[in-house]
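K.L.:
What follows is a structure written as structure tokens; I'll ask about it next.
The values are calculated or read from the model by the stated rules, or taken from the named source; none is laboratory data. This is a predicted model, so every value here is computed, not measured. For neighbour counting, all protein chains shown are included, and Cβ atoms are generated from backbone atoms with ideal geometry for every residue, glycine included.
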Amino acid sequence: MNPIRLVTPNATLYVGEVTDIDLEHQRVEIRQGLYGHYQEPRSLFYDHVVISLGGVPNTSVVEGMAENAFDVQRLSNAFALRNQLIDTLEQADIETDPVEKRQLLTYVVVGGGANGVEVVAEMRDMLIEVTSRYKHIEPDDIRVVLIHGGPRLIPDLPESLATFAEQLLRHKGVEIMFNRRVSKVEPGRVILDNGGTIDASTVVGSVGVQPNPLTKELPLEHNSRGQLKVSRMLNVPGHPNVWAIGDNAEVIDPHNGKPYPQTAQHAVREARLVARNIAATFKGEPLQSMNYRTLGQLVALGHRSAIAYVMGLKLSGFTAWWMWRSYYLLQIPRWDKRLRIMFDWTLDLMFPPELTQLKVGQPVPAASARRRNHAERSDEVPAQRS
């Protein structure tokens, strides 16, 4: 990760949580502190405000997903999922009940878009690579299931690439369920729309994102998904000093008349344009319009394989994986950080993944916490006096 102070050395940084945006008085209220622990809110007045809060998991589409499933939208959630995977292996290795062991080693990913495919591929690779370290777990004991509501994976990509991804995942041992939706997620169980169930200790939700709730509350024009409608210059109609980008904004692609996808590729270009246009307003210069043509999409499939659709060119396998890593490496600010990452990636090619769990306060689904607490209570034995 790049410390934001090194990336923006000339900016004044306020660490805290935005609690309100008052458009009438041009004021933003924040609660300071990494965890908002400084309770007295602070008001910041602005000449221009850029709304780039990022999206939140769209867990409302499935009952119980918010409480009982992991998401990987943020780094802390990814840490929590990694800890969960290791924890299930540790518990399964000493579990004597075959039914309980089967549930511990069953993992379900809901959603077969680009994010869901990347997550399930990396999960399967990690779980299989480390099973040799556990005496009582065989690779065949591990069950990884991907549930997708559509007829094929990654609908944004050409069908031939989606087929390649499907075949590779199946070769890895991933079970794929097409045209099937999850109706409910319960603690330790996934309920399908056909009434079927899957007992699984770990469920990952990858069903897309929605705008930040704070964005939805603003008295501005929204689309049906709750995103702010913005002009091609990326400011909000009727509010020339209010700008919105990323997951919270509907930005129309002039080349096809459709909204730009909610990806980093587009958010980065939007951020650059907003910075340029805000500077232009102070200088009295004309504003520029968003006129970016999407380059394509890259999806990692784990174990040095990927698929890519770039400028009409379809690639798969190692070549696509090399392109994927190279592209994202170049998007990271500062060369010292890039070199560190290159060194880490090189080590990853030569050594298996570490199994260290980092308990640093990252969130876990409420159901997992309840189950863990219940197990701890059931294992407690009253002290006996001799």
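K.L.:
Select from the stretch 321-339 the residues that are farther than 17 Å from residue 265 by Cα and small (Gly, Ala, Ser) and list them in ascending order.
P.N.:
Residues satisfying the conditions do not exist here.
K.L.:
Please count how many residues of the stretch 150-178 are within 25 Å of residue 102 (Cα to Cα) and part of a loop (DSSP other than H, G, I, E, B).
P.N.:
Count: 2.
K.L.:
Does residue 18 qualify as being touching a strand residue (DSSP E or B) at 6+ places or on another chain (Cβ under 9 Å) and farther than 22 Å from residue 3 by Cα? It would help to see each step written out before you state the result.
P.N.:
Working: touching a strand residue (DSSP E or B) at 6+ places or on another chain (Cβ under 9 Å): yes; farther than 22 Å from residue 3 by Cα: no.
Answer is no for this residue.
K.L.:
Can I ask one more? Keeping to the stretch 222-242, report how many residues are crowded, with 21+ Cβ neighbours inside 10 Å and without any contact (Cβ under 8 Å) to a residue 40 or more places away in the chain.
P.N.:
In the first step, residues of the stretch 222-242 are kept if they are crowded, with 21+ Cβ neighbours inside 10 Å; the result is 227-228, 230, 234-236, 242.
Within this subset, residues satisfying the condition of being without any contact (Cβ under 8 Å) to a residue 40 or more places away in the chain are 227, 230, 236.
Number of matching residues: 3.
K.L.:
Evaluate the stretch 236-253: report whether one residue or more is in a loop (DSSP other than H, G, I, E, B), under 20 Å from residue 50 (Cβ atoms) and either in the same structural domain as residue 120 (by TED's automatic domain parsing) or among the aliphatic types (A, V, I, L, M) (or both).
P.N.:
To start, the set of residues in the stretch 236-253 that are in a loop (DSSP other than H, G, I, E, B) comprises 237-238, 245, 251, 253.
Next, only the ones that are under 20 Å from residue 50 (Cβ atoms) stay: 237-238, 245, 251.
Applying the additional criterion that residues be either in the same structural domain as residue 120 (by TED's automatic domain parsing) or among the aliphatic types (A, V, I, L, M) (or both) yields 245, 251.
Yes, the conditions are met somewhere in the stretch 236-253.
K.L.:
Residue check: is residue 201 at pLDDT 95 or above, more than 21 Å from residue 53 (Cβ to Cβ) and in contact with a strand residue (DSSP E or B) (Cβ under 8 Å, 6 or more places away or on another chain)?
P.N.:
Working: at pLDDT 95 or above: no; more than 21 Å from residue 53 (Cβ to Cβ): yes; in contact with a strand residue (DSSP E or B) (Cβ under 8 Å, 6 or more places away or on another chain): yes.
It is false that residue 201 is at pLDDT 95 or above, more than 21 Å from residue 53 (Cβ to Cβ) and in contact with a strand residue (DSSP E or B) (Cβ under 8 Å, 6 or more places away or on another chain).
K.L.:
Turning to a different aspect of this structure: What number of residues in the stretch 18-75 are in a loop (DSSP other than H, G, I, E, B) and either farther than 15 Å from residue 215 by Cβ or of a type in the set (A, V, I, L, M) (or both)? Please lay out each step first, then the result.
P.N.:
Of the residues in the stretch 18-75, the ones in a loop (DSSP other than H, G, I, E, B) are 23-26, 33-41, 46-48, 52-55, 58, 62, 64, 69, 71-74.
Next cut, either farther than 15 Å from residue 215 by Cβ or of a type in the set (A, V, I, L, M) (or both) only: 23-26, 33-41, 46-48, 53, 62, 64, 69, 71-74.
Final tally of qualifying residues: 24.
K.L.:
Going by the conditions given, is residue 99 modelled with pLDDT of 90 or more, of a type in the set (A, V, I, L, M), more than 13 Å from residue 202 (Cβ to Cβ) and assigned to a helix (DSSP H, G or I)? It would help to see each step written out before you state the result.
P.N.:
On the way: modelled with pLDDT of 90 or more: yes; of a type in the set (A, V, I, L, M): yes; more than 13 Å from residue 202 (Cβ to Cβ): yes; assigned to a helix (DSSP H, G or I): yes.
Criteria met by residue 99.
K.L.:
Only one residue in 308, 300 is within 23 Å of residue 2 (Cα to Cα), in contact with a helix residue (DSSP H, G or I) (Cβ under 8 Å, 6 or more places away or on another chain), in contact (Cβ under 8 Å) with a residue 12 or more places away in the chain and crowded, with 17+ Cβ neighbours inside 10 Å, so which one is that?
P.N.:
Values: 308 fails: within 23 Å of residue 2 (Cα to Cα).
The match here is 300.
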